[in-house]
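**Q** Structure below; questions to follow.
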Amino acid sequence: MSKKQTHAAQPAANAGYSLNRLDIILGLVCAIFFIDTVAPIAAMGVTSIAWMVIIGVVFFFPGCLVVAEQGAAYPENGGLYAWIKRAYGTLWGARIAWMYWCGNALWISSAMTVIVNVFCQLFGVEIGLAGKAALNILLVWLITGLALRPMKNSTRIINFAASVKILMAFGLIISGSIWLASGHAPANTFDWQAIRPSYGQAMVFIPALIYNFLGFETMSAAAASMRNPKKDVPIASLSNVLLVIGLNIIAVSGVLLIIPSAKVDIIGGILTCFTLGLNHGVLGSLIVYAIGILYLAALCSQSLMWMLATCRMAQATAQANELPAVLAKSHPHHDSPAGALIAGACITTVMTITSTVLSGSAQEMFWSIFSSTTILLLIPYFVNFQAFLKLRKHDKQTIRPYIFPAPDWVVTVLMRLAQLILFLTAFFLIWVPGEPFKAANAGFIAIGVILTLAIGETLIRRSLKRRTSPDSSTQPSAADA
């Protein structure tokens with residue numbers, strides 16, 4: 001799942017494109033509203049609606065206010081990476097860049113799992129797990145090849161993906177309405193007893209809900225490319241609270257009207273809803289196929305833009321001698337981050353093969369990769385909340401056009417609460433108390449995360465050592481000084 005840091009908007013920023021208000025909102029939808037995680041959230045049941053509101057109020061909304069202040073005060077490209085580096089220095093900045101780039105390379109594998117399985121479901125193709133893994137790898141390299149080409153219309157791709165996601169969210173609730181109008185009863189009970197938040201088996205899917213709210217700093221990462229960042233960043237950050245929560249509730253409600261929560265397929269649940277709700281007659285079948293193809297295109301576009309965004313960040317960090325030099329290489333003709341793209345595709349390939357060998361099904365493969373990726377993406381947010389408090393306390397000279405509208409002690413309490421939520425999310429990815437402990441799955445996740453962080457730390461320290469060595473031809477940048 002990342003985004004956030006350079007995000008989906010970053011390619012546009014690099015191209016010198018000036019982002020208007022519509023671009024900002026659609027960019028937020030593209031980066032934050034993950035239509036492919038709607039099914040896992042729906043698997044929580046109707047109670048997911050209450051949890052969305054609660055998490056939105058205590059985590060998502062304060063997070064938006066944090067990045068609104070950070071983005072307006074420090075409108076440079078880079079987002080979390082730039083803010084954490086400003087607060088804690090080059091080493092932590094490099095760590096964040098590594099986590100985002102490597103975490104995205106791992107996430108791409110789970111995204112490809114969804115794309116391949118949706119394709120097979122849409123066209124009725126039966127393929128074994130090994131065959132699907134082979135298609136995953138082929139698709140990874142096809143998208144990597146596309147990312148190596150010039151991206152002159154990146155903002156259009158972002159807007160296309162966002163528009164399709166919005167269309168699908170409303171399409172799901174329309175499908176649910178048609179399902180009810182056809183004489184079917186709601187597959188789940190929508191009353192207070194069902195909606196009220198409760199602790200139970202559904203907590204397994206809480207991480208998917210948190211993941212769907214990550215990325216709230218996306219447009220702040222491209223603040224330097226906005227026409228009026230001091231005004232647009234706060235508006236965009238606050239607007240996406242209602243937008244993302246609303247889209248998630250609409251989409252999840254559509255799924256739960258048609259499919260019992262216990263039977264929601266976390267990969268194919270979205271397409272199943274459209275098939276059950278709309279697949280009546282030739283016209284209905286054509287509509288389902290059209291939606292399915294648009295869904296696949298949006299997922300590919302989302303993967304492409306996140307791949308480009310995180311690779312550009314890794315490239316810039318490597319060019320500052322904070323990551324291995326191979327990641328700094330550019331395509332000789334298209335100026336794309338070739339080194340980071342190819343290295344990332346190699347990581348994705350290895351992850352796909354490893355998870356296929358260790359998994360018994362496509363769902364297990366998706367969830368194992370998703371869990372490892374999410375933990376890596378949670379760490380930068382945890383650190384950024386701390387960086388926000390530090391910069392607020394020690395950087396008094398910077399003008400802050402927008403300030404978190406609460407007393408300092410309230411801000412501190414909210415940041416600690418947000419950090420607690422992130423910690424519990426990581427814990428739930430490994431084990432939910434009260435549920436069976438799956439040692440193999442937990443081991444895969446833990447080893448994957450520890451190895452990723454250990455390898456990153458080794459490479460970063462070697463890169464920084466090379467940077468400061470007497471024979472190094474690259475001098476530290478003015479920003480680092």
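The values are calculated or read from the model by the stated rules, or taken from the named source; none is laboratory data. In this text the structure is predicted, and so the values were computed from the model without any measurement. Using ideal geometry, Cβ is built from the backbone for each residue, glycine included, and neighbour counts are taken over all protein chains shown.
**Q** Please determine whether any residue of the range 222-229 is modelled with pLDDT of 90 or more, of a type outside the set (Gly, Ala, Ser), crowded, with 22+ Cβ neighbours inside 10 Å and assigned to a helix (DSSP H, G or I). It would help to see each step written out before you state the result.
**A** Initially, the range 222-229 is screened for residues modelled with pLDDT of 90 or more, giving none.
There is no residue in the range 222-229 that is modelled with pLDDT of 90 or more, of a type outside the set (Gly, Ala, Ser), crowded, with 22+ Cβ neighbours inside 10 Å and assigned to a helix (DSSP H, G or I).
Quick grid of which residues meet (1) of a type in the set (Gly, Ala, Ser); (2) in contact with a Gly (Cβ under 7 Å, 6 or more places away or on another chain); (3) part of a helix (DSSP H, G or I):
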site: Leu138; (1), (2), (3): no, no, yes
site: Leu146; (1), (2), (3): no, no, yes
site: Arg156; (1), (2), (3): no, no, yes
site: Ala169; (1), (2), (3): yes, no, yes
site: Trp179; (1), (2), (3): no, yes, yes
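**Q** I would also like to ask the following. For Thr374, state whether it is surrounded by fewer than 22 Cβ atoms within 10 Å (Cβ to Cβ) and of a type in the set (Val, Ile, Thr). Break it down into steps so the answer makes sense when it comes.
**A** On the way: surrounded by fewer than 22 Cβ atoms within 10 Å (Cβ to Cβ): no; of a type in the set (Val, Ile, Thr): yes.
Considered against the rule, which asks whether it is surrounded by fewer than 22 Cβ atoms within 10 Å (Cβ to Cβ) and of a type in the set (Val, Ile, Thr), Thr374 comes out as no.
**Q** Quick one: is Phe119 among the aromatic types (Phe, Trp, Tyr), over 21 Å from Ile266 (Cβ atoms) and surrounded by 15 or more Cβ atoms within 10 Å (Cβ to Cβ)? Let's see the steps before the verdict.
**A** On the way: among the aromatic types (Phe, Trp, Tyr): yes; over 21 Å from Ile266 (Cβ atoms): no; surrounded by 15 or more Cβ atoms within 10 Å (Cβ to Cβ): yes.
The answer is no for Phe119.
**Q** Run down Leu308, Leu256, Leu299 and say which single residue is part of a helix (DSSP H, G or I) and surrounded by fewer than 24 Cβ atoms within 10 Å (Cβ to Cβ). Before the answer, list the steps.
**A** On the way: Leu308 fails: surrounded by fewer than 24 Cβ atoms within 10 Å (Cβ to Cβ); Leu256 fails: surrounded by fewer than 24 Cβ atoms within 10 Å (Cβ to Cβ).
Sole residue among the options that is part of a helix (DSSP H, G or I) and surrounded by fewer than 24 Cβ atoms within 10 Å (Cβ to Cβ): Leu299.
**Q** Moving to a separate point now. Could you check Gly78 against (1) assigned to a helix (DSSP H, G or I); (2) crowded, with 20+ Cβ neighbours inside 10 Å and say which number it fails?
**A** Result: Gly78 passes all but (1).
**Q** May I ask you to verify whether Thr425 is among the β-branched types (Val, Ile, Thr), at pLDDT 85 or above and touching a Ser or Thr at 6+ places or on another chain (Cβ under 6 Å)?
**A** Working: among the β-branched types (Val, Ile, Thr): yes; at pLDDT 85 or above: yes; touching a Ser or Thr at 6+ places or on another chain (Cβ under 6 Å): no.
The answer is no for Thr425.
**Q** List every residue pair whose Cβ atoms sit under 9 Å apart, with the two residues 6 or more apart in sequence or on different chains, where the first one lies in the range 96-115 and is within 21 Å of Leu129 (Cβ to Cβ) and the second, anywhere, is crowded, with 24+ Cβ neighbours inside 10 Å and basic (Lys, Arg).
**A** That search, which allows pairs on different chains as well, returns Trp107/Lys3.
**Q** For the range 180-209, give me each residue that is under 26 Å from the mean Cα position of the chain (by Cα) and loosely packed, with under 12 Cβ neighbours inside 10 Å.
**A** The one that is under 26 Å from the mean Cα position of the chain (by Cα) and loosely packed, with under 12 Cβ neighbours inside 10 Å: Tyr199.
**Q** Moving to a separate point now. Is there a residue being crowded, with 23+ Cβ neighbours inside 10 Å, of a type outside the set (D, E, K, R) and touching a Phe, Trp or Tyr at 6+ places or on another chain (Cβ under 6 Å) anywhere in the range 144-153?
**A** No: zero hits.
**Q** Still on this structure: Working carefully through the options Arg392, Arg416, Arg400, find the one that is of a type in the set (Lys, Arg), over 21 Å from the mean Cα position of the chain (by Cα) and in a loop (DSSP other than H, G, I, E, B).
**A** Working: Arg392 fails: in a loop (DSSP other than H, G, I, E, B); Arg416 fails: in a loop (DSSP other than H, G, I, E, B).
Of the residues listed, the single one that is of a type in the set (Lys, Arg), over 21 Å from the mean Cα position of the chain (by Cα) and in a loop (DSSP other than H, G, I, E, B) is Arg400.
**Q** Among (1) modelled with pLDDT under 90; (2) assigned to a helix (DSSP H, G or I), which single condition is Met44 missing?
**A** (2)
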